[in-house]
1. Within segment 97-151, track down each residue that is of a type in the set (Lys, Arg), over 15 Å from the mean Cα position of the chain (by Cα) and farther than 24 Å from Gln29 by Cα.
2. Do we find that Ser62 is within 13 Å of the ligand (Cβ to nearest atom), modelled with pLDDT of 95 or more, out of contact with any strand residue (DSSP E or B) (no Cβ under 7 Å at 6 or more places or on another chain) and farther than 23 Å from Phe27 by Cβ in this structure?
3. Return the pairs, sorted by first residue and then second, in which the second residue is modelled with pLDDT under 95 and part of a helix (DSSP H, G or I), the first residue lies in segment 49-69 and is within 20 Å of Gln16 (Cβ to Cβ), the beta carbons are less than 7 Å apart, and the residues are 6+ apart or on different chains.
4. Enumerate the pairs (first residue in segment 26-43 and open to solvent by 100 Å² or more (accessible area, probe 1.4 Å); second residue anywhere and aliphatic (A, V, I, L, M)) with beta-carbon separation below 6 Å, excluding pairs fewer than 6 apart on the same chain, so at least 6 apart or on different chains.
5. Identify the residue in segment 1-12 that is of a type in the set (A, V, I, L, M, F, W, C) and either farther than 14 Å from Met89 by Cβ or open to solvent by 60 Å² or more (accessible area, probe 1.4 Å) (or both) and, among all such residues, is nearest to the chain's Cα centre (by Cα).
6. Determine which member of the set Arg113, Arg104 is over 22 Å from Arg5 (Cα atoms) and among the basic types (Lys, Arg).
7. List the pairs whose first member sits in segment 106-127 and is free of Cβ contacts under 8 Å to residues at least 24 places away in the same chain and within 13 Å of the ligand (Cβ to nearest atom), whose second member is open to solvent by less than 100 Å² (accessible area, probe 1.4 Å) and part of a loop (DSSP other than H, G, I, E, B), and whose Cβ atoms are under 7 Å apart, counting only residues at least 6 apart or on separate chains?
8. Among the residues of segment 65-105, write down those that are more than 13 Å from the ligand (Cβ to nearest atom) and open to solvent by less than 50 Å² (accessible area, probe 1.4 Å).
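The values are calculated or read from the model by the stated rules, or taken from the named source; none is laboratory data. All figures in this text were calculated on a predicted structure; none of them were measured in a lab. As a convention, Cβ positions derive from the backbone with ideal geometry for all residues, glycine included, and neighbour counts pool all protein chains shown. Ligands, DNA and RNA are excluded from the accessible area calculation, which covers all protein heavy atoms including side chains. Shrake-Rupley method; radii C 1.70, N 1.55, O 1.52, S 1.80 Å.
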Amino acid sequence: MSAERTFIMIKPDGVQRGLVGQIVQRFEQRGYKLVSMKFTQPTKELLEEHYADLKQKGFFPSLIAYMLSGPVVPMVWEGKDVVKQGRQMLGQTNPLASLPGSIRGDFSIDIGRNICHGSDSVESAQKEIALWFKENELTQWKSSTHEWVYE
Ligand code: ADP
């Protein structure tokens, strides 16, 4: 089945630079199914929880300040292998190491302004989805293109 889910979030720079539509379009065009999406100003507490694994890093305070600097677009996308494919669509953490054709490789330069987040494993996707969305915010629908995307 194709029910794997990932958590993708357009960061404040992606919103400010008007890239929301283009990033959403890439996942839609690939054939992935949108399960949920919001436009929201996250709290410091939520961001510190989201990035809890990086708490010891020297860049943690600037990462939180960057992520607090404006609204973000958290999303849940569903489909076959979507966690790994989502990471490939994003590119590397450092945009300068990201190939053209990837979101970070096409739209960004600095590691501290890398446009978009994507879960790095199925396990962290589950944690992040539960952190950012309530169960009743996750839609249940069948895309009419399903049979044209999957064999
Ligand atoms: P990813 O977002 O690719 O999963 P990490 O989880 O390692 O990468 O880091 C989270 C975010 O922290 C990165 O997307 C980036 O915005 C920021 N970051 C990571 N490493 C650095 C660094 N060396 N300097 C500044 N910011 C960083």
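1. Here is the first cut: in segment 97-151, the ones of a type in the set (Lys, Arg) are 104, 113, 127, 134, 142.
Within this subset, residues satisfying the condition of being over 15 Å from the mean Cα position of the chain (by Cα) are 134, 142.
Within segment 97-151, just Lys134 meets the criteria.
2. Working: within 13 Å of the ligand (Cβ to nearest atom): yes; modelled with pLDDT of 95 or more: yes; out of contact with any strand residue (DSSP E or B) (no Cβ under 7 Å at 6 or more places or on another chain): yes; farther than 23 Å from Phe27 by Cβ: yes.
Yes: the conditions hold for Ser62.
3. none
4. From residues that are open to solvent by 100 Å² or more (accessible area, probe 1.4 Å), the pairs are Phe39/Val73.
5. Filtering segment 1-12 for residues of a type in the set (A, V, I, L, M, F, W, C) gives 1, 3, 7-10.
Narrowing the set further to residues that are either farther than 14 Å from Met89 by Cβ or open to solvent by 60 Å² or more (accessible area, probe 1.4 Å) (or both) leaves 1, 3.
Details: Met1: 22, Ala3: 17 Å.
Checked segment 1-12; the qualifying residue nearest to the chain's Cα centre (by Cα) is Ala3.
6. Details: Arg104 fails: over 22 Å from Arg5 (Cα atoms).
Every option except Arg113 fails the conditions.
7. Hits for this filter: Ile111/Thr93; Ile111/Asn94.
8. Gly70, Pro71, Val73, Pro74, Met75, Val76, Trp77, Glu78, Gly79, Val82, Gln85
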